[in-house]
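In what follows, a structure is listed as structure tokens, so that the remarks can point back to it.
The values are calculated or read from the model by the stated rules, or taken from the named source; none is laboratory data. All values derive from a computational prediction rather than experimental measurement. No Cβ is skipped: glycine too gets one built from the backbone with ideal geometry, and neighbour counts run over all protein chains shown.
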């Protein structure tokens, strides 16, 4: 009878034993040990067993990839819809609401005095977006005190003197644009200038400097 | 998970597999990258009948061979496949959640168990080749492989026990 072999040694050679790459002597030694050692028998049974593992393949990986891609696609499409909406809104706002000052031109706008001394501003363009004007205010111009009113017209892309965008029919608006100037009996002069009342009230600008860059368009 | 994840996940195994064929680290890296590039282009053709590692190994092997054909060099084509490796890769073995858990476990095994197991199971390399890849003996590779198997078997048994 051989000397008893330790279980750890048997278990170390079990892989070789199972793969049948051991010498005859070792094989006999393991055979003998397994006959009476339950622990090693169990280890042997477990080791010998065929291992079934699920294939890592299309079904498992690609479903996950696809799911993520789909999620990504949904997110991307939502983001792009949102971005498109913002861009469209921006473009819409730009076309219809972004106002710029129309530069003065004497064949586009004129101050006229009507019968009852009422001053009016007559506009000859196709359209405009807005008109801004002030009540007359006393200002010193070249040493002279004058009551001055300021006026300016604005345009948007949609509403401009030429009205390129939505002018389907020619001379659709034959109406004339007339705008009455308030307190016109007091006015000594009317200037055309871009001004921002907010800037003036916050003292970033002043009427004195507005008048310097303004165009005199009417005088008593 | 996208292709980059696949690259991250399997690069080392594919690289080791090619290393076992070429024994040149630089070439192995180059071939591996080329193989992944090919795999990316061909991913739609992957029908899922094989395990993805076996598929990647096949692409890598073909890439390696055509690389050498181009360079008109002699190589030993002795990549005879080992048979009876004691692992069966099965489609639809279990439900997808369980399969995913098993895959996670395979990926989470420590080096060298994961690599040795993968090269043996999916690359069907001999223990001699696997051993020499790691600068070890065939016996070392065999024991390591059996230990990896043991880890997997025990993990899957635990999973089964938990399900009752």
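What to note about this one:
- Listed by position, the helices (runs of 4 or more DSSP H) inside the range B:102-164 whose residues that are farther than 18 Å from residue B:15 by Cβ number at least 2 are B:127-133, B:138-163.
- So residue A:110, is it modelled with pLDDT under 85, surrounded by 12 or more Cβ atoms within 10 Å (Cβ to Cβ), out of contact with any helix residue (DSSP H, G or I) (no Cβ under 9 Å at 6 or more places or on another chain) and not assigned by TED's automatic domain parsing to the domain that holds residue A:90: no
- Verdict on residue A:211 being in the same structural domain as residue A:136 (by TED's automatic domain parsing), surrounded by 14 or more Cβ atoms within 10 Å (Cβ to Cβ), modelled with pLDDT of 85 or more and out of contact with any helix residue (DSSP H, G or I) (no Cβ under 8 Å at 6 or more places or on another chain): yes
- Checked against the criteria, residue A:90 does not count as at pLDDT below 85 and either farther than 30 Å from residue B:44 by Cα or under 16 Å from the mean Cα position of the chain (by Cα) (or both).
- Given (1) more than 10 Å from chain A (Cβ to nearest Cβ); (2) modelled with pLDDT under 90; (3) within 14 Å of the chain's Cα centre (by Cα); (4) within 18 Å of residue B:55 (Cβ to Cβ), number of the condition residue B:115 does not satisfy: (2)
- Looking only at residues in the range B:89-98 that are free of Cβ contacts under 8 Å to residues at least 24 places away in the same chain and at the interface with chain A (Cβ under 8 Å from one of its Cβ atoms), the one that is surrounded by the most Cβ atoms within 10 Å (Cβ to Cβ) is B:94.
- The listed residue being more than 9 Å from every other protein chain (Cβ to nearest Cβ), surrounded by 13 or more Cβ atoms within 10 Å (Cβ to Cβ) and modelled with pLDDT of 80 or more, out of B:152, B:75, B:85, B:101: B:101
- Scanning the range A:22-60 for residues that are assigned to a loop (DSSP other than H, G, I, E, B) and either exposed (fewer than 14 other Cβ atoms within 10 Å of the Cβ) or within 60 Å of the chain's Cα centre (by Cα) (or both) yields A:23, A:49, A:50, A:55, A:56, A:57.
- Scanning the range A:102-120 for residues that are assigned to a loop (DSSP other than H, G, I, E, B) and farther than 14 Å from residue A:216 by Cα returns A:102, A:107, A:108, A:114, A:115, A:116, A:117, A:118.
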